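Read through the structure below, which is laid out as structure tokens, and then see the notes.
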Amino acid sequence: MLHRLSQHYVGGAWVAPLGRARMAVENPATGASLGDLALGNGDDAHRAVMAARGAFDGFSAWALADRVALLEALFAAYTARFDEIARAMSTEMGAPITAAREAQAWAGQIHLETTIQAARDFHWEEQRGATRILREAIGVCALITPWNWPMNQIVCKVAPALAAGCTMVLKPSELAPLSALLFAELCDQAGVPPGVFNLVQGTGADVGAVLTAHPQVDMVSFTGSTRAGVAVAQSAAPTVKRVAQELGGKSANIILPGADLAAAVAAGTLACFGNTGQSCDAPTRMFVPMDKMADAMDAAKAAADTVVIGDPTDPAVTMGPLISGTQWDKVQGLIATGITEGATLAAGGLGRPDGINMGWFVRPTVFGHVTHEMTIAREEIFGPVLSIIGYENVDHAVTMANDTVYGLAAYASGPHGAARAVARRLRAGQVNINGPDWDTFAPFGGYKQSGNGREYADWGIHDFCEIKALVGYGS
């Protein structure tokens, strides 16, 4: 895959970039160079958009059965190269190889599977009296994806776009380019027609901004930080294109009276630390009864002590590095702020883990006695840092949980009836009750500054469709 770093995929062919900029790509676990990535520019973005525009009329006219067959071919290609996909993500963003297989690569596979089923069951047309309602492809789509769950985010945009009959340009994060290059190979292998799927590598400033503002782009689907999401929306506004966004989070995890405290704290702690804390829906704010603070801190420390940090190629390792030195510096700064502001350090802290002197590894960190006003309780850290906050009663917990600019996900643990009641009160797009299995048919997206629109299965297909009413069509 490294030989593709110097190429983009446009119009069904691997092409040399029009821009000359290059960026070193590193393995975050070792700091070793993986090669130089060819960064696109505005001309590269324009070329890809026009390839997608040229392919739209033909592809959008495909019958549903043919679009589903194409997705099935893509699923087969993905499955055949599953281990290669997992290794690519482990290399580019430091995911432990077991998690890369069981979570990162699996996520892309399951999104393809659920989108295929959703496309078959989707209400593409319906009759309402004498009016026929159609759901049609919205057009050319710009898909901008992050580095933290590379294949998850690529597939949960590309798959519904293909299902709807859209054409697209993918701009993945320049920090994790390998999985996107591999996915472009899969699209080529599966027989995606020229121009339907295009890949341009590059930065948000040089490629993303051109895509979002481009008059021939009809829709933007963006996943990333809230700050970047604001810029995307502003760039897209003059052309009044649709913008779907999945942005940042600071998810609350309310552990209710009557919960098995030790089990709930342990599960919440490890969920916060998953993917080295680099998940927008990570349960980073844990709310516990005031009189259970000491017990919660002990249980969280015990869970943190079970984390195995080290070489991501080792199947026994459960936590890899952060993505970059920039992210490492940010996380270190916020840990230092937590200490300065008076939170109690229960586990972890500053610096690299003992015995590790290279790579962007951090210590899984737990703070107790965190107050709702502290920086670590307010800002998205995007690292393995848990804040435990005490509450006086359930109303107090819910009020604090909702007092945030974010609203992507939330969690509630305790007696099922009480947990369901609290879940209804939480202002978040997805609330997880008592540690359920991941449901890829459930809508995923945020309230407030965590975004708009929803992804996964039929919910994702909706965002790639326009709705047309044929009034007087007849019964």
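We did not get these values from a lab; they are worked out from the coordinates using the rules stated. These figures come from a predicted structure and were not determined experimentally. Every residue, glycine as well, gets a Cβ built from its backbone with ideal geometry; the counts of neighbours run over all protein chains shown.
List residues of segment 1-35, by number, whose backbone nitrogen lies under 20 Å from a label position 7 Å along Cα→C-beta of Q189. The answer is 1-15. Restricting the calculation to alpha carbons of segment 199-248 gives Rg and Dmax of 10.0, 28 angstrom. With semi-axes defined as the square roots of five times the eigenvalues of the C-alpha gyration tensor, the equivalent ellipsoid of segment 137-245 measures 20, 17, 11 Å, largest first. Here's how it looks for D314: its modeled amide H is under 5 Å from those of I97, which are all 5 or more places away or on a different chain. What is the calculated FRET efficiency for A205 to R20, with r their C-beta to C-beta distance and R₀ = 22 Å, to the nearest 0.05? With R0 = 22 Å, the Cβ-Cβ based efficiency is 0.85.
How far is the Cα center of segment 270-308 from the Cα center of segment 408-475, in Å? Centre-to-centre distance over Cα atoms comes out at 25 Å.
With the simple model of a label 7 Å out from the Cα in the direction of the Cβ, V471 to T340 spans 6.1 nm.
Close amide H pairs (under 5 Å, H built 1.01 Å from N) link I254 with F287, Y411, A412, S413, residues at least 5 positions away or on another chain. Students often forget the sequence filter, so: which lysines lie under 28 Å Cα-Cα from K448 once same-chain residues fewer than 8 apart are removed? Counting by Cα, and skipping residues close in sequence, K448 has these lysines nearby: K157, K171, K241, K250, K330. The alpha carbons of segment 252-445 stretch over 47, 40, 29 Å along the principal axes, in descending order. The orientation-averaged shadow of the Cα convex hull for segment 1-148, equal to a quarter of the hull surface, comes to 11.1 nm². Scan the chain and report its longest stretch carrying no chymotrypsin sites (Phe, Trp or Tyr not before Pro) that are both in a DSSP loop and have at most 16 other Cβ atoms within 10 Å. Maximal segment without exposed cleavage sites: 125-437.
In this rough spin-label picture, where each label sits 7 Å from Cα along the Cβ direction, the W124-E84 distance is 3.1 nm. The modelled label-to-label distance between R378 and D305, using points 7 Å beyond Cα along the C-beta direction, is 3.4 nm. Of all aspartates and glutamates in the structure, those lying under 12 Å Cα to Cα from K468, and not within fewer than 8 positions of it along the same chain, are E125, E126, E136. Other residues with beta-carbon under 14 Å from the beta-carbon of A32 carry, at +1 per Lys or Arg and -1 per Asp or Glu, a net charge of -4. Full extension of the chain between D439 and D354 gives 26.9 nm of extra length, using 0.36 nm per residue less the Cα-Cα distance. Scanning residues 5 or more positions from L18 or on other chains, those with amide H under 5 Å from its amide H are N41, D44, with H placed 1.01 Å from N in the peptide plane. The order of E185, E466, going from fewest to most other C-beta atoms within 10 Å of their C-beta, is E466, E185.
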